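Worksheet for the structure shown next.
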Amino acid sequence: MKIKLTLLALFAAFAFTASAQSDYKNSIGLRLGGGYYDLIGAAFKTFISEPAALEFDLGFKPSIGYGIYSDGITNLSLSGAYQHHFPIGNIEGFKWFVGGGAIIANTFSDYEDWGGVSIGIFPTGGVDYKLKNAPFAFSADLRPTAHFVKSYGGINGFLFNSGLTARYVF
């Protein structure tokens, strides 16, 4: 009985996934980050199949000028993520997604303990909306990141990141 229920659940999941269709192929734009390693960045997203997309972000966080160690600290990051999309109700162009990715960042700092390269992985989730009558897409995501190499501020471990993205669709 458990095997039949499992197979039925898998079949339902595949049927649901097959109905998820992308409303665009490629997009490029800006991502506003809310984490430790990016404040603004360039974002590129491409769908590799109907529900599956890859997103690449080149992020930058300049010295923001407050706090004891804020002057002279600048971050540059590159991240890539796989996202699997699902429709939200019957709203055309509106989807939620889950996935995962990796990031490499470099903190340039006048303070030895705060500078250096960090590498991490993250699960990601969020929503994506493509405007019906205009070539623009918007998304919001969460990326709780586990760093395995020295990260921002010399912290090895967990850093939270989120973002809002506006992209031109082509």
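Give the aspartates and glutamates whose C-alpha is closer than 14 Å to that of Lys132, dropping any in the same chain fewer than 8 places away, or say none.
Within reach: Asp23, Glu92.
Can you work out the PRE-style zone for Leu54? Point 7 Å along Cα to Cβ, and I want the residues of region 85-114 with backbone N under 19 Å.
85, 98-105
Between Ala52 and residues 5 or more places away or on another chain, which pairs have amide H atoms under 5 Å apart, with H built 1.01 Å from N, and which residues are they?
Residues meeting the criterion, in which the H sits 1.01 Å from N, are His85.
Along region 106-112, what does the Karplus equation 6.51 cos²θ - 1.76 cosθ + 1.60 (θ = phi - 60°) give for ³J(HN,Hα), rounded to whole Hz, x for Gly and Pro?
10, 9, 9, 8, 6, 9, 4
Quick one: what are the phi-derived ³J(HN,Hα) couplings along region 46-58, Karplus 6.51/-1.76/1.60 with θ = phi - 60°, whole Hz, x for glycine and proline?
9, 8, 9, 7, 4, x, 9, 9, 10, 10, 10, 10, 10
State the extension gain, in nm to one decimal, for the chain segment bounded by Ala42 and Phe138, taking 0.36 nm per residue of separation less the distance between their alpha-carbons.
Working it through step by step, the gained length comes to 33.2 nm.
How high is the relative contact order of region 73-170, in percent, with contacts defined as C-alpha pairs under 8 Å that are six or more residues apart?
Value for region 73-170: 23 percent.
Quick check: pseudo-label points 7 Å beyond the Cα along Cα→Cβ at Leu32 and Leu164, how many nm apart are they?
Rounded to a tenth, the inter-label distance reads 0.4 nm.
Between Val117 and Val149, what is 0.36 nm times their sequence separation minus the Cα-Cα distance? Round to one decimal in nm.
Using 0.36 nm per residue and subtracting the Cα-Cα distance, I get 10.8 nm.
Skipping prolines and chain starts, which residues have an amide H placed within reach, meaning under 5 Å, of the one on Phe136, given they are 5 or more residues away or on another chain?
Leu131, Val169
Just so you know, all these numbers are worked out from the coordinates, no wet-lab data involved. It should be emphasised that the depicted structure is a prediction, and the values quoted were computed from it without experimental measurement. Neighbour counts run over all protein chains shown; Cβ positions are idealised from the backbone, glycine included.
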